[in-house]
Structure formats: structure tokens, C-alpha cells
Amino acid sequence: MIESIRCPNCGAIAERHHLAYLAQVKTQCEKCDYLLVMSTRSGQVLESYAPGLPCEPPHISKPISLRIMPIRNTYLANGVAIS
């Protein structure tokens, strides 16, 4: 029997195969290459592979408004600072 589930690694649609003749359950995801094979008798993990997911930086939103303040420049006129 094949069951459609969500991948526990990436959340995409994955497949869970119930292999009664081997007394195993195999979960696999094509999107992230996740694999888990478990024994239905003992619950032991027989084979597993779960690659890391790519880390994407969080979306940084732009501020709604900017507060712009003038920069005061200092000029030298005949060696005297003028603001």
C-alpha cells in the first residue's frame, strides 16, 4: 500500500510505502531526498537519510517611511569654522 503524506523534513508531498512482506515501512520524498526505512515489528530504523535544507535569509521588509535629517556641513572660511 502506498500512502501520500507530508515530508517530515521539508513539508512537500512524500510517499509512505507499507511493505507487509518485508515487515517494513519506507518513507521517501523526491523533493529533498529524504528516506526512512523502519521495521514494523521492532520499530527500529533500518536505513535513513535526511539531507539538510538550504538556509534562506528571512525576508527583511523595508521601513514604511524614512526620517531624513539634513547633515550640517562645516565650511572653513579664512580658517574660521562656519556651520
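Some notes on this structure:
- Of all residues making up segment 1-29, the number that are assigned to a loop (DSSP other than H, G, I, E, B) and either over 27 Å from the mean Cα position of the chain (by Cα) or in contact (Cβ under 8 Å) with a residue 12 or more places away in the chain (or both): 11
- The single condition from (1) out of contact with any Leu (no Cβ under 8 Å at 6 or more places or on another chain); (2) modelled with pLDDT of 60 or more that T74 fails is (2).
The values are calculated or read from the model by the stated rules, or taken from the named source; none is laboratory data. Not measured: the values here are computed from a predicted model. FYI the Cβ positions are ideal-geometry reconstructions off the backbone, even for glycines, and counts take in every protein chain you see.
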